[in-house]
């Protein structure tokens, strides 16, 4: 397979709605996927992310809306004429065909000459590092190998769009980490527009150019991994991506207060009565010598201390009734003595880590 | 130094005792099979080689080869069995496909209706067809009053009636294994085929159909073998004009009191069934080897 033989296509989703009875699986979803982009649909189960992917593949017929691959409107095109590659959560490999039979299947349907099929199948298998596996039966393969065959079958006919439905969810963690990097490299090499569905936020952060967080059939936020983590649009996104604790804050003129204490931070321009301070555990700094200058200091009492090998977790109560979690590195003074439960501490948050967000759930 | 092997004898005795208990559970059934199957079948073989004068002879088998009527009977038996199996596939396979695509609850309801005929006796079902299909039966009455045909059509006491009754009775034996095979197929496979460019028709013939073959083989085999030895339905609906091996066995005993001839027919039926099973099992193994048996 020669690289980038066909140009990637952009995908344009406009106002797609899909209801099952009274449930909105997709609620007026619009989304532009740039050509060659790796875009991840991230959300909890039942959020609508898989429904959206099935609409892209043509397996689910929406109530209304428009879907374009490049300039071509495909919303009424049946799946077998859409010409997109896809991998399934269950891999969906044909058990009655060999590895080569599976990978060659889309080429046989396209009436590619036999000798060329052989050549392209082997090339696709090389691409996923399964060269020479053509004669194996599917039930002789491990989970990781099946995953690779599924990918080879999806890319062998050089589609310009690739859809992936939780492709790594059945693999163990080590293999999953390895495959994430491999799929990322494959995408860089082949350059096809890729829409990837997962419920694993770390996987999404690792692989994607951009991430669309989906919930209740709507896109909550569409942003790069960094923006999504640093500036979540609302409480749902902040909660779903990474760990965080939230503290209720109030406005007072231009200032923002927590428990009467003015916070050093950049006040966002959001219209909401429900403003929250988002605290990422790894951004909190433990101070054993009392308040520091130039940061937000919170007096706290440790309620739980958990040793986790490379780091430790500290849960603390704040005087205002709030709670804060701190993740600290196991080095320096912490190695010899972790804070004890009941100990009074000062938790520090730098102004740039003091992020205020919209507290709404949707 | 040899490591201490504590409790070795006791543990081994426990193991053997457990195996013995398992064997004991199977023993009554094995005895039953010996008494009601192995011994009578042996007796059947023995009797088939006894001639009219009470000594060893091959006359019972020679008669089958010599008389043309026997050839006809075997031909009819295999013809009916083949046709019934074929019709069951034609009717049952699409139905199983349809049911397997329904939501589980509705599919289960459909399966119950498929099994419903088993709750009534075979004889009742067969006579019901006689009532429906006879010259002044419901089917002829309606057909004529609707203007579909003018004269009553002869639908019983012939091959047509026999086939209608046989297909009706055999259908569940085909539908159930085919349905089971279809239900076991991952629905994503059909989606994958479509995604890779296969039209619904191509996807069916290249993916779904090959994967249902083991179920189809099993169902067809069951129907075919049951048909070979069938008696009640062809006897009632065939009206004496369609004679199958089982019916000849009955008349050999009831009319001619010739146990030897009847036994020889039984032996031939049994052996041909076993040959068919043997051939079919080779096919089924082939299926497994290509991965279709999953």
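All conditions in (1) at pLDDT 95 or above; (2) over 30 Å from the mean Cα position of the chain (by Cα) hold for residue A:102, with the sole exception of (2). Among the residues of region A:43-52, is any surrounded by fewer than 19 Cβ atoms within 10 Å (Cβ to Cβ) and either touching a strand residue (DSSP E or B) at 6+ places or on another chain (Cβ under 9 Å) or outside any loop (DSSP other than H, G, I, E, B) (or both)? Looking through region A:43-52, at least one residue is surrounded by fewer than 19 Cβ atoms within 10 Å (Cβ to Cβ) and either touching a strand residue (DSSP E or B) at 6+ places or on another chain (Cβ under 9 Å) or outside any loop (DSSP other than H, G, I, E, B) (or both).
Selection over region A:94-125 of residues that are in contact with a helix residue (DSSP H, G or I) (Cβ under 9 Å, 6 or more places away or on another chain), facing another protein chain (nearest Cβ under 8 Å) and part of a loop (DSSP other than H, G, I, E, B) gives a count of 4.
With a requirement of 3 or more residues that are under 26 Å from residue A:235 (Cβ atoms) and out of contact with any strand residue (DSSP E or B) (no Cβ under 6 Å at 6 or more places or on another chain), none of the strands (runs of 3 or more DSSP E) lying completely within region A:285-362 satisfies it. Scanning region A:146-177 for residues that are part of a loop (DSSP other than H, G, I, E, B) and touching a strand residue (DSSP E or B) at 6+ places or on another chain (Cβ under 6 Å), which turns out farthest from residue A:196 (Cα to Cα)? The selected residue is A:159. Summed over region A:21-50, residues that are within 14 Å of chain B (Cβ to nearest Cβ) and closer than 22 Å to residue A:236 by Cβ total 1. Of the residues examined, residue B:215 is one that is within 14 Å of chain A (Cβ to nearest Cβ) and touching a residue at least 24 places away in the same chain (Cβ under 8 Å). Please work out if residue B:26 is outside the structural domain of residue B:252 (by TED's automatic domain parsing) and on the phi > 0 side of the Ramachandran plot. In short, no. For region B:240-264, the set of residues classified as in a helix (DSSP H, G or I) and within 19 Å of the chain's Cα centre (by Cα) consists of B:245, B:246, B:247, listed by residue number. Considering each of B:208, B:196, B:226, B:216 in turn, give the residue that is out of contact with any strand residue (DSSP E or B) (no Cβ under 6 Å at 6 or more places or on another chain), at pLDDT 85 or above and farther than 30 Å from residue B:103 by Cβ. That would be B:226, the only listed residue that is out of contact with any strand residue (DSSP E or B) (no Cβ under 6 Å at 6 or more places or on another chain), at pLDDT 85 or above and farther than 30 Å from residue B:103 by Cβ.
Going by the conditions given, is residue B:221 assigned to a helix (DSSP H, G or I) and either touching a strand residue (DSSP E or B) at 6+ places or on another chain (Cβ under 9 Å) or farther than 29 Å from residue B:52 by Cβ (or both)? The answer is yes for residue B:221.
Within region A:305-319, the set of residues being over 16 Å from residue A:348 (Cα atoms) and loosely packed, with under 15 Cβ neighbours inside 10 Å comprises A:306, A:307, A:308, A:309, A:310.
Filtering region A:53-93 to residues that are more than 9 Å from chain B (Cβ to nearest Cβ), assigned to a loop (DSSP other than H, G, I, E, B) and crowded, with 21+ Cβ neighbours inside 10 Å leaves only A:62. The condition of being in contact (Cβ under 8 Å) with a residue 60 or more places away in the chain and farther than 27 Å from residue B:230 by Cα holds for only one of B:97, B:127, that being B:97. Considering region A:126-145, the residues that are within 14 Å of chain B (Cβ to nearest Cβ) and not in a helix (DSSP H, G or I) include one that is nearest to the chain's Cα centre (by Cα), namely A:141. When region B:192-205 is filtered for residues that are at the interface with chain A (Cβ under 9 Å from one of its Cβ atoms) and surrounded by fewer than 20 Cβ atoms within 10 Å (Cβ to Cβ), the ones remaining, listed by number, are B:199, B:200, B:202. Does any residue of region A:333-350 turn out to be within 26 Å of residue A:231 (Cα to Cα), modelled with pLDDT of 90 or more and surrounded by fewer than 17 Cβ atoms within 10 Å (Cβ to Cβ)? Taking every residue of region A:333-350 in turn, at least one turns out to be within 26 Å of residue A:231 (Cα to Cα), modelled with pLDDT of 90 or more and surrounded by fewer than 17 Cβ atoms within 10 Å (Cβ to Cβ).
For region A:178-216, filtering for residues that are within 26 Å of residue A:236 (Cα to Cα) and in contact (Cβ under 8 Å) with a residue 12 or more places away in the chain leaves 23. Of the residues A:40, A:19, the single one that is assigned by TED's automatic domain parsing to the domain that holds residue A:198 and more than 20 Å from the chain's Cα centre (by Cα) is A:19.
The values are calculated or read from the model by the stated rules, or taken from the named source; none is laboratory data. In this text the structure is predicted, and so the values were computed from the model without any measurement. Reconstructed Cβ throughout: ideal geometry from the backbone, glycine too, with neighbour counts over all protein chains shown.
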